[in-house]
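Novice: The structure is given below, and queries will be raised subsequently.
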Amino acid sequence: MRILVTGGAGFIGSHLARRLVREDHEVTILDDFSSGRRDVIVHPSVSFVEGDVRDAEVVERIVGDMDFVFHLAAVVGVRRTLRQPWDTITTSTVGTVNVLRAVLRKGCGCVVASSSSMYGKNVHVPLAEEDDVVLGNTHLGAWTYSYAKAAEEVLCRAAWQDFDQPVKVVRLFNVVGPGQGEHLGMVLPRFVGQALRGEPLVVYGDGGQTRTFMDVEDAIEGILHVWRQGDWGAAYNVGGTEEVRIVDLAHRVVAQLASSSPVEMLPFQLAYGRDYEETMRRKPDLRRLRALGYRPRYTLDQMIRRLADDQKEGGL
Ligand SMILES: NC(=O)c1ccc[n+]([C@@H]2O[C@H](COP(=O)([O-])OP(=O)(O)OC[C@H]3O[C@@H](n4cnc5c(N)ncnc54)[C@H](O)[C@@H]3O)[C@@H](O)[C@H]2O)c1
C-alpha cells in the first residue's frame, strides 16, 4: 500500500514508518520538522514532504496519491505545548480537519493518534475508553494539549457519524524508546540521561504522581492491531501495564543503571511555571486492545535499559 504518515519524522512516526516499509509498504512522510528530523529514516521506500498539516492544499495533494493515512503530526511535550499554545491547538484542529477532509475525498481510511492526556485529571484506575474526560480551565496553558487531542477525537467521531468516514483512534499512554531524545521533555528519557551523566534526577512535584510506560515497539504493535482489526469509528487505549510512581521510577533508573546520581525534588511551578497542573494517576484499561490479540512485550526495566543503550550510542 501507499501509506502517508503525518509527523513521520518524529519519534513514534519514524518507528511506524520503519515497520511499514519492513512490511513492503511505500511510505510518504509529511512533516514540518518542527521537532522531527529528516535523517531519522533513510530508506528507498520512504519519501519526505516538508509541509504543515495546517496547509489544506498540501495535505489534499499528498493524500490524493495514498491508500491509507496514519495521522500523528502534533505539537508534543509539556514545555513546547506551554510555550506554543497556538501551534498546539491549530495543528490538532486545523491539521486534523485537513487530513479528514482529504481522506474523505480520496475514499481511503485513517488512523489518528490521540493521547491519554485527553482524559485530563480523571484519576480513575484503570482508565477505560468510555471514562469521562476531566479537563482544567481553558485559561490554563497546562490543558491546551489535552483540549487539542480531545478535539482531534471529537472531529474523528463527527466525521464517522456524519460521513461514515473510515477512521479509528489510538489513545497512546506515555510511549518511550530508542530515538526519543531528551529534547521532547518526557520524564523517562530525561531521568536516563541524568543518571548516565551522574547528574541529579529531578522529580517534579512530590513524585507521588503515577504513569504507565510503554515501549515504542509495543506501541507500534498496538497501532497495527487497531489498524488491522479495530472497529471503524472506535477509540482504543494503547498503553503499558505497570503503573509506577515517578519518585520510584527515578530510584529505579538509578539502581538499574548503577548510577551515583541523587534524586531531587522540584515544585511543579518552578519546573513549568504558574500555568501548570499535574495529573496524579494514569493507567490504561487495555481490555479493548487485548481483545484484538495485542500483548505487550517489554517490561519497564527493559525499557530503561533500551533507552540507556540508545543514549550511550548517541541516539538518533
Ligand atoms: N510520545 C508519547 O508518549 C505520546 C503519548 C501520547 C500521544 N502521543 C501522540 O503521538 C504522536 C507522535 O508523538 P511523538 O512522541 O512521536 O512526538 P514527536 O514530536 O517526535 O512527533 C511529532 C511530529 O509531528 C511533526 N509536526 C508537528 N507539527 C506539525 C505540523 N503542523 N505539520 C506537520 N508536522 C508537524 C513534528 O515535526 C514531529 O516530527 C502525536 O500525535 C502525539 O500527540 C505521543
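The values are calculated or read from the model by the stated rules, or taken from the named source; none is laboratory data. Here the structure is a predicted model, which means the values were calculated and not measured. Don't worry about glycine lacking a Cβ; one is built from the backbone with ideal geometry, like all the others, and counts go over all protein chains shown.
Novice: Suppose we filter Arg101, Arg61, Arg80 for residues that are near the ligand (Cβ under 10 Å from one of its atoms), in the same structural domain as Leu224 (by TED's automatic domain parsing) and surrounded by fewer than 22 Cβ atoms within 10 Å (Cβ to Cβ); which single one remains?
Specialist: The unique qualifying residue is Arg80.
Novice: Considering only the range 165-198, how many residues are more than 14 Å from the ligand (Cβ to nearest atom) and either at pLDDT below 95 or within 30 Å of Ala258 (Cβ to Cβ) (or both)?
Specialist: Count: 9.
Novice: I'd like the residue in the range 142-164 that is more than 16 Å from the ligand (Cβ to nearest atom) and in contact (Cβ under 8 Å) with a residue 40 or more places away in the chain and, out of all such residues, is surrounded by the most Cβ atoms within 10 Å (Cβ to Cβ). Let's see the steps before the verdict.
Specialist: Here is the first cut: in the range 142-164, the ones more than 16 Å from the ligand (Cβ to nearest atom) are 157-164.
Filter once more, so that each one left must be in contact (Cβ under 8 Å) with a residue 40 or more places away in the chain: 157, 159-161, 163.
Numbers: Arg157: 16, Ala159: 23, Trp160: 19, Gln161: 10, Phe163: 12.
Among those residues, the one meeting the criterion is Ala159.
Novice: Right, here's the next one. Tell me which residues, restricted to the range 222-234, are under 20 Å from Leu127 (Cα atoms) and either part of a helix (DSSP H, G or I) or without any contact (Cβ under 8 Å) to a residue 40 or more places away in the chain (or both).
Specialist: Narrowing the range 222-234 to residues under 20 Å from Leu127 (Cα atoms): 222-223, 225-226, 230-231, 233-234.
Gly222, Ile223, His225, Val226 - these are the residues of the range 222-234 that are under 20 Å from Leu127 (Cα atoms) and either part of a helix (DSSP H, G or I) or without any contact (Cβ under 8 Å) to a residue 40 or more places away in the chain (or both).
Novice: If you don't mind, another one. Which one is nearest to Ser114 (Cα to Cα), of the residues in the range 296-316 that are within 19 Å of the chain's Cα centre (by Cα) and among the basic types (Lys, Arg)?
Specialist: For the range 296-316, the residue satisfying everything is Arg297.
Novice: Just checking, which of Tyr204, Tyr236 is among the hydroxyl-bearing types (Ser, Thr, Tyr), surrounded by 19 or more Cβ atoms within 10 Å (Cβ to Cβ), over 13 Å from the mean Cα position of the chain (by Cα) and farther than 22 Å from Glu152 by Cα? Give the steps one after another, and end with the answer.
Specialist: Values: Tyr236 fails: farther than 22 Å from Glu152 by Cα.
Only one candidate passes the filter, namely Tyr204.
Novice: Out of Ala271, Ala255, which single residue is free of Cβ contacts under 8 Å to residues at least 12 places away in the same chain and in the same structural domain as Phe191 (by TED's automatic domain parsing)?
Specialist: Working: Ala271 fails: free of Cβ contacts under 8 Å to residues at least 12 places away in the same chain.
It is Ala255.
Novice: Can you list residue pairs whose Cβ atoms sit under 6 Å apart, with the first residue in the range 121-141 being of a type in the set (S, T, N, Q) and the second being part of a loop (DSSP other than H, G, I, E, B) and surrounded by fewer than 16 Cβ atoms within 10 Å (Cβ to Cβ)? Count only pairs 6 or more apart in sequence or on different chains.
Specialist: Close Cβ pairs (under 6 Å, with a partner that is part of a loop (DSSP other than H, G, I, E, B) and surrounded by fewer than 16 Cβ atoms within 10 Å (Cβ to Cβ)) amount to Asn122/Asp131; Asn122/Asp132.
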